[in-house]
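The values are calculated or read from the model by the stated rules, or taken from the named source; none is laboratory data. It should be emphasised that the depicted structure is a prediction, and the values quoted were computed from it without experimental measurement. Cβ sites come from the backbone with ideal geometry, for glycine too, and all protein chains shown count toward neighbours. When the accessible area is computed, the model is the full protein with side chains, heavy atoms only, and any ligands, DNA or RNA have been set aside. Shrake-Rupley method; radii C 1.70, N 1.55, O 1.52, S 1.80 Å.
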2 protein chains.
Amino acid sequence: MCVNGAEALLRTLADGGVEVLFTNPGTTELHLVGALESVPELRGVLALFEGVVTGAADGYARIAGKPAATLLHLGPGFAYGLTNLHNSRRANSPVVNIIGDHATFHTAFDPPLNSDIAALGGWLRGPVRRPEDPAGAGPDGAATLAAALEPPGQIATVIMPADVSWSDAAAVVGAPAQPRSAPAVPAQVSTQIADVLRGGEATALLIGGTALCETGLLAAGRIAAATGARVFQELYSNRVEHGAGLPSFPRLGFYPDQVLKQLHGVRHLVVAGTKAPVSFFAYSNQPSLLVPEGAQTHILAEVGQDAVAALDRLADLVAPDTSAPVTEPHRPALPSGPLTLQNWADVVAALLPERAIVIDESVSSGTTLATATAGSARHDVLMQTGGAMGDGLPLAVGAAVAAPDRPVLALVADGCAMYTLTALWTQVREQLNVTNVILNNRSYAILRQEWKYFSNRPSSVDPGGNPLFDLANPQIDFVGLASAFGMPASRATTAEQLAEQLTQALHQPGPHLIDAVIPAAA
Amino acid sequence: MCVNGAEALLRTLADGGVEVLFTNPGTTELHLVGALESVPELRGVLALFEGVVTGAADGYARIAGKPAATLLHLGPGFAYGLTNLHNSRRANSPVVNIIGDHATFHTAFDPPLNSDIAALGGWLRGPVRRPEDPAGAGPDGAATLAAALEPPGQIATVIMPADVSWSDAAAVVGAPAQPRSAPAVPAQVSTQIADVLRGGEATALLIGGTALCETGLLAAGRIAAATGARVFQELYSNRVEHGAGLPSFPRLGFYPDQVLKQLHGVRHLVVAGTKAPVSFFAYSNQPSLLVPEGAQTHILAEVGQDAVAALDRLADLVAPDTSAPVTEPHRPALPSGPLTLQNWADVVAALLPERAIVIDESVSSGTTLATATAGSARHDVLMQTGGAMGDGLPLAVGAAVAAPDRPVLALVADGCAMYTLTALWTQVREQLNVTNVILNNRSYAILRQEWKYFSNRPSSVDPGGNPLFDLANPQIDFVGLASAFGMPASRATTAEQLAEQLTQALHQPGPHLIDAVIPAAA
C-alpha cells in the first residue's frame, strides 16, 4: 500500500491506540484532514478554538486512559492551545500534538504564519520531532506517541511540514508504541517507611496523582486505620475517585497557613504519587514549601512511579489485618432558598448520578464540594491541574467523548467559562451528555479573596470596588450564550430551581447549561 | 517618593508615553493592579481572555501611533495571548508585555503555574527582561519600552516576579524611552532606482507597511504617472489609508498564480516598506517567491526604514512636476436583494462614514471590499497581518480605545469571531463605538477554497461535505451571542436590511453587532 506522509502518520497513531483526533485545522493540515478519511479508526472532533481542542484532549486522556491527539494549525494555532496543554502537562496526560507547518521549502521565505514551532513544544517540556521527508512521518509519529506514553505521561509534539504530509511515503508506517507501565517503587522504600509508621511519631500521608483511585485510597485508609497516620489528598488532581464506599480524606488547603495548620505537629510526612506540598502562590510572610518545621519528608512513590502498588505493599506491611473505613452512602437533604456557597454543592451531592464524571473548575465557589459529595454515588472528579483557567468546559468535551455512556457534570466558574466558551458548540455538535453548571458570582472572586490575603497590599485599594475584579459590567447572560449555540439552558437562583433543572438536564440526553447565580463569599 | 517595584514599573511606562494597559490580571499581578491606582495616567482596560488583551493592544498601537502595553498572568496567561501577539509582531506594532510571575524565591519549588515565560517571549522574537530586585523594575521597564519602540516596532516583554512588584523600590524610576524615528534610506538608493525607472523597462512598485499612508500613496502615484510603473499594494497590511482623494492601487493576490499574473512581464520590482512577495502558503506546483523569472528586485526601503521619505525622494527625482491621480469621491448605489459576496461590500462602501476605522478580517468574504471602498469617505483599514485568526474583534477594541471620536467598523468572518468572542464584552463594558459586522457563511470557506486549489489533494475528499470545514452544525446565533453580552444586535440577509441596520448602528453611540448571512462562493 502506498500512502502519503499524512496517512503514514495517522495510520501509525491509530495502530498505536489513538482513537480520537481533536482538531481545528487550517490549510497546512488539509492533507492530514484528507488522510483522516483513509483512517476511519481515527475520529475527528472539531472545535472552533485551539484551547478547546487541547483541553478536550486532556479530558479524553484522563478518562479514556488512552493517548489523546490534537491537530493544530502552525505556530499560531498551537499557541492558542498551549495554555490547556500546560494544564495537561501538570495532569501528566499523554497527548500527541500534530502541528501542520509550511512545506520544508517554504519556511526560509518566512511567510506570515511562520514561527518557531519547536520552541512552543519545548515550553511544554516535552519532546518535539519534525520529519524532514515522508519516510520519517510514520517513525516520528511512533516515537512521539511512545514519548507521550512514557510514565507519568507527557506532551509530545510532531511537526508535519505540508510537503511531508502530501508526498508519497511508500509503505512506511511506524512501529506502534508499546504502552509502558509505571516503574515499581523498590521494596525497601516501603519497608523503611513502614518502620517510620511503626515508630509511633505523628505521621501524615499525602497522596495524589495515580494514587487517588479506589485501590490507592483503600490502601491509604488501611494504613491510617492501623497506624493512626492522618491522610491528606493533594489539592488539585488530574483524576480522583470519590463517593460512597471509598475512604474520604481531606484535601490540603489553598493557602500556606491552612496547610501548615492541617499538618501541625506532624513529624513525618509520607508522600505518594505527588510532591511535597508547595504553596500555590507566594506571599511575603509565608513559606513556599509547606512541610512543618522539623518534619521529615519520606517519598514513598515519586510522580510517575507505581504509587498504588507502593501504597498497597505498605498497607500489607503495617496493616495486614485492617480494612479501610469507608464512607457510607448518604446524601444531603435537598436544600431550599436562595443559592449559597454551601447549598449548591448539597444539591449536586444529592442528585449526582451513578458513575458520573465531575469536572471541577469551581475555583472559589467550590470549597464545600468534596465534603458534600463524599457519600454520593461513586464518581470521578477531574480538576484544573496547572492553575490555568479555561479547561473546565473543554475537559467536559473530552471526558464525554471518552465515556459516552457516563453522565458528565461540568462545574465551571463564570470567569473560567469565558476563556473557552465555544466548547459549548462542540458539545452540541457531538451531542455530548454534558450538564454544564456555571457557578456565576459575576466577579473574579478569587482575586478579591487573594487581595485580602496579602499582608502587604496597597491600603488604598478597595478589592470590592476594583473594576478589574468585576465581571458584572456588563453582566453575562449564560443562558443566552448557550442558547446561541443551540444548547438547552436555564437559570437558577434558588436551590429548588437548581435541583429541578439539574434533575431534568441529567435525565435528558445531550448537553445542557444551568446558569447558577451564587453570591461570592463576603 | 518611595514606591514599590510595581509602581516604579508603571510610572516609568507612563512617563515614557504608555497610556493604556490592556489586562486580564491574576494573583501574581495584584500589586501591579494596586499600583495602577497610583498611576492614574495609565488606564486599565479589562478583557476576559488574553487573546482579546493582546489583539486590543495591537489595534491600539496601530491607531494611536503610541506604544501599547499588556498585563498578563504568568506563562499560561501569556500563552493565551501569544497568537495575537504573533499578528502584532507581523504588524510591527510596539507592544510591551508585563508578565507577572511567581516571587523569585518561589519558582524553584515549581508550583502549578510555573513555566518558562522567557521562552514564550522569545517565540515573539523580541527581547525579554526580568528584574531580579525592585530597583531593576524601572530601568528594565524603560529598556523594554525602548526596545518595543525600536523601528519598525517589536514585541518586548518584562517579567515581573511578584516580590519585585511588592517590594520597596526606593525612588528608582527608569529614564523614559526616547521614541526613535525610522532610519532614513541612503540617498543613493533612490538615485539608483530612479535610473531603473528612467530605463524604460517594465517596472512594478510594491508598497507596504508605513508606505501605505497618504504621503506614501501620493508619492507612489506620482512615480506611476510619470514613469508608467505599475504600483501594487502588499496583500495584508497593518494600516492602510484608503478612500476618495487618494490613489488606489491593486493589492497583490493570495494565490501564487494570481500574483505571477499580476506581475507578468515585469523586469524590475521595486519594493518599499515591505518584502518581495512570498506565497502565503506553499503548493507543490507553485513557487514560494513570487518574483517573475528574470525580474530584478530593488529594495527602495526595508521594513523599518523610512519608506515614505524614500518614496517622496524618488518621486521628486522621476516625477518632479507630476501630481498623483487620485480617486474621485464616488459611492456605489445601495444594492438590493439577498446578500452576496459583492453587494455586502457595496453597502459598506455606500455608507462608510468620514474617518472610519475599518477592521478587515473578512477572509474569503472580503475580496471585493478594497475596490468597492476606493471612492468612499477617507478611512483607515487594519488587517490581520500574521495570518492568525481571531484578531478582528480585539483590534476593534484597541482601535476604539485609541480613537474614541472615530467610528470603528469591524468586518469579521464567522470562523474568526469565535476565537475571541469576549471582545464583545469589553466593547460593551467600555461603551466603544464599534459596529461589528459578522460575515457569516457558516463554514471555514477558505479551507474549502484551499482544498480545491491544491493540485495534489486526495481525490476521495469532498470539500463541500467534509465535516471539519463546516460551521453549520450547530448554526451559531450571533445575534444571541451579542445580546448575551448586552450588545444591541440584529440579523441581515438582504442588502436592504444590512443598509438599514448599518446606518442605525453607525449613528447610535456604543457597540452594535450585525449578523450578515452571506453565502460562500460556489
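General remarks:
- For region A:144-155, backbone phi angles converted through the Karplus equation (6.51, -1.76, 1.60; θ = phi - 60°) give residue-by-residue couplings of 5, 5, 4, 5, 4, 7, 4, x, x, x, 8, 9 Hz, Gly and Pro being listed as x.
- The residues of region A:458-511 expose on average 42 square angstrom of accessible surface per residue, using a 1.4 Å probe on protein heavy atoms.
- For region B:273-341, pairs of C-alpha atoms spaced more than 20 angstrom apart make up 63 percent of the total.
- Descending Cα extents along the principal axes, region B:149-294, whole Å: 67, 40, 33
- Among beta bridges identified by DSSP and lying wholly in chain A, the antiparallel ones come to about 10 percent.
- Axis angle, to the nearest 10 degrees, between helix A:307-318 and the longest C-alpha principal axis of chain A: 30 degrees.
- Spherically averaged projected area of region A:252-370 from its Cα convex hull (nm²): 10.8
- Sparse packing (at most 15 other Cβ atoms within 10 Å of the Cβ) combined with a DSSP loop state is found for the following GluC sites (Glu not before Pro) in region B:202-302: B:E293.
- Between region B:267-338 and region B:450-514, the alpha-carbon centres lie 31 Å apart.
- As an equivalent ellipsoid, chain A spans semi-axes of 38, 30, 22 angstrom, where each value is the square root of five times an eigenvalue of the C-alpha gyration tensor, largest first.
- Alpha carbon convex hull of region B:377-416, volume per residue in cubic angstrom: 78
- Label spacing, shortest first and in nm, from B:G65 to its equivalents in the remaining copies (7 angstrom along Cα→Cβ): 6.5
- DSSP beta bridges in region A:359-509 [antiparallel fraction, %, rounded to 5]: 10
- Residue-wise HN-Hα couplings along region A:211-222, as the Karplus relation 6.51 cos²θ - 1.76 cosθ + 1.60 with θ = phi - 60° gives them from phi, are 5, 8, 9, 3, 4, x, 5, 5, 4, 4, x, 5 Hz; Gly and Pro carry x.
- Helix A:495-507 and the longest principal axis of the Cα set of chain A meet at an angle near 40°.
- Computed [θ] at 222 nm, deg cm²/dmol, the protein assembly as shown (DSSP H ≥ 4; -39,500 (n - 2.57); rounded to nearest 500): -10500 deg cm²/dmol
- Amide hydrogen neighbours beyond the local backbone of B:V20, cut-off 5 Å, H modeled: B:R43, B:A69
- Solvent exposure of region B:59-134 amounts to 23 Å² per residue of accessible area, where only protein heavy atoms count and the probe is 1.4 Å.
- Against the rule of thumb 2.2 N^0.38 Å, how large the Cα Rg of the protein assembly as shown comes out: 0.95
- Surface/4 of the Cα convex hull for region B:231-321, nm²: 7.0
- Those aspartates and glutamates that a straight Cα-Cα span of less than 13 Å connects to A:K452, excepting residues fewer than 8 apart in one chain: A:D462
- The contact between chain A and chain B removes approximately 8100 Å² from the accessible area (both sides summed; 1.4 Å probe; ligands, DNA and RNA excluded).
- 7 Å along Cα→Cβ, label-point gaps from B:D110 to other copies, nm, shortest first: 3.5
- Placing a label point 7 Å from Cα along the Cα-to-Cβ axis, B:P325 is separated from the same position in the other copies by 9.3 nm, shortest listed first.
- Under 5 Å from the amide H of A:V437 lie the amide H atoms of A:A410, A:L411, A:V412, A:I514, each residue being 5 or more positions distant or on a separate chain, with H modelled from the backbone and absent for Pro and chain starts.
- Whole-percent carbon and sulfur share, accessible surface of chain A, 1.4 Å: 52
- A cut-off of 5 Å between modelled amide H atoms, ignoring neighbours fewer than 5 places along the same chain, links A:M160 with A:I99, A:G100, A:D101.
- Taking Cβ atoms as reference points and 14 Å as the exclusive limit, the residues near B:Q262 contribute a net charge of +1, counting Lys and Arg as +1 and Asp and Glu as -1.
- Heavy atoms of B:R448: accessible area, 1.4 Å probe, square angstrom to 10: 60
- For region B:358-515, convex hull of alpha carbons as volume per residue, Å³: 123
- Nearest-0.05 FRET efficiency for A:D321 and A:D116, computed from C-beta distance (R0 60 Å): 0.50
- Residues along region B:64-91 losing 30 Å² or more of accessible surface when the other protein chains are present rather than the chain by itself (probe 1.4 Å): B:P76, B:A79, B:Y80, B:T83, B:H86, B:R90
- Extension gain, A:N285 to A:S455: 0.36 nm times the residue separation minus the Cα-Cα distance gives 60.5 nm.
- 3J(HN,Hα) from dihedral phi, region A:71-87, Karplus parametrisation 6.51/-1.76/1.60, rounded to Hz, x for glycine, proline: 10, 10, 9, 6, x, x, x, 4, 4, 4, x, 4, 5, 6, 6, 4, 4
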